[in-house]
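The values are calculated or read from the model by the stated rules, or taken from the named source; none is laboratory data. Note that the structure is predicted; figures quoted are calculated from it, not measured. Quick reminder, even Gly has a Cβ in these numbers, built from the backbone with ideal geometry, and neighbours come from all protein chains shown.
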Amino acid sequence: MKGTLAISWSEKNHVTFGFPRGRSLQDSSKLLEGTGKNLRHVKLREISNVHDANLKQLILEAKALTPHATLGSGDAHEKNFREHV
């Protein structure tokens, strides 16, 4: 997962949003869970969790740590992503 910004998977009662380099993120709001070597994750239990400013900060930090990862098919998509997260 060298260039992977984040991964996600669904469970029965939530969606898990994982960061392969999560251990390196600041996470001052203590959203991240996990005790693995590097992977940390956030459990999104409500749709409104997607708009959490702390989650946005984690995504932006992960992007900074993963310079070759992309958020879509170009700059316009990335701009749209940043405006809506």
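Okay, residues lined up against (1) surrounded by fewer than 17 Cβ atoms within 10 Å (Cβ to Cβ); (2) assigned to a loop (DSSP other than H, G, I, E, B):
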{"site": "TRP9", "(1), (2)": "yes, no"}
{"site": "THR16", "(1), (2)": "yes, no"}
{"site": "GLN26", "(1), (2)": "yes, yes"}
{"site": "VAL42", "(1), (2)": "no, no"}
{"site": "SER48", "(1), (2)": "yes, no"}
Test ALA53 against the stated conditions and say whether it is surrounded by fewer than 11 Cβ atoms within 10 Å (Cβ to Cβ), hydrophobic (A, V, I, L, M, F, W, C) and modelled with pLDDT under 90.
no
